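Down below is the structure, laid out as structure tokens.
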Amino acid sequence: MKLSKRLQAIADLIVKYKQGEILADIGTDHAYLPCYLVNENIIDKAYACDIASGPINASIETIQLYHLEKQVIPLLGSGMNPILDKDVDMISICGMGGKLTIDILDEHREFLAHHRFILQANIGLEILREYLYKQNMKIIDESIVKDAQHIYEIIVCEKTDDMIAYQEEDFYFGPCLRKNKNGLFYEKWHRQLEIQKGILNSLEEQHPRYHVIMHLITMIEGEISGS
């Protein structure tokens, strides 16, 4: 079973930071990720969850294709609601925006204390990381991957009793990614720098966003200097 580069990078992090044998995949993409993990004997069982019947029906097709009906269970429902009464070790929430990911996490904050999370937000990573910080969720590791011209970042995190010390740059660039900057990191932020400069040039200095964008440009330039 072959995954997209994005899903493979997520699967690789799950393998590396595996905790227990049961995964819940929230907002599942055709159940590809849970089916792959079960089919490869990485985990014993998974729940493929989605709020809409279309993705659930697509998930059922994938599950049946690989004859995994007894191990990958499709569940219809919003966020983590379908797994409230389930025994789960790890939870993946991938392919959404940062704000929606936060809403899903915040609806059942009791899950944060006892599960390892694998998160991949398409946008709004800085607000997601800031939320994790405020919930005392430690970012254990991060990965960056390019798939079909899009660059994605993946976060592995879990609750900690330790004091976490992050700064603003960590929210934007990732505390782990900025310690191990690679070509994709620089590619993403060089591209973002040009986008933000274009936005700044279109704004009057009196515009409320002008100084916000200027601050972001300064941060990016500081982060990628010397590349």
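The values are calculated or read from the model by the stated rules, or taken from the named source; none is laboratory data. Just so you know, these numbers come straight off a predicted model, no measurement behind them. Here the Cβ is made from the backbone with ideal geometry for all residues, glycine too, and neighbour counts use every protein chain on show. When the accessible area is computed, the model is the full protein with side chains, heavy atoms only, and any ligands, DNA or RNA have been set aside. Shrake-Rupley method; radii C 1.70, N 1.55, O 1.52, S 1.80 Å.
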Worksheet item: If one takes the longest principal axis of the Cα atoms in the chain, at what angle in degrees, from 0 to 90 and to the nearest 10, does the Cα axis of helix 210-224 lie?
Response: 80 degrees
Worksheet, complete the sentence: The extension gain from N39 to E169, computed as 0.36 nm times the residue separation minus the Cα-Cα distance, is 42.9 nm
Discussion item. For region 102-219, what does the accessible surface come to per residue with a 1.4 Å probe? Please give it in Å².
Written reply: 54 Å²
Worksheet item: With a sphere of radius 14 Å drawn around the Cβ of S78, what net charge do the other residues whose Cβ falls strictly inside it have (Lys, Arg +1; Asp, Glu -1)?
Response: -4
Worksheet item: In the chain, carbon and sulfur make up what percent of the accessible area (probe 1.4 Å)?
Response: 49 percent
Fill in: Rounded to the nearest 20 debye, dipole of the chain from Cβ charges on Lys, Arg, Asp, Glu
440 debye
Worksheet item: Once the dipole of region 119-222 is set up with Lys and Arg at +1 and Asp and Glu at -1 on Cβ about the Cα centre, which of N136, G222, A121 lies farthest towards its positive end?
Response: A121
Worksheet item: Where the only charges are on Cβ atoms (+1 Lys, Arg; -1 Asp, Glu), what is the dipole of region 1-91 about its Cα centre, to the nearest 20 debye?
Response: 280 debye
Item to complete: Over the alpha-carbon set of the chain, work out the extent along each principal axis and list the three values in angstrom, largest first.
Response: 59, 38, 31
Worksheet item: Over the chain, what is the relative contact order in whole percent, taking alpha-carbon pairs under 8 Å and six or more residues apart?
Response: 15 percent
Fill in: Calculated P(r) of region 31-162 - Cα pairs past 24 Å, %
31 percent
Fill in: Furthest towards positive pole of dipole, A52, L84, L68, structure part the chain, Cβ charges
L68
Worksheet item: If you take the charge dipole of the chain about its Cα centre, with +1 on Lys and Arg Cβ and -1 on Asp and Glu Cβ, which of Y186, I155, I199 is farthest toward its positive end?
Response: Y186
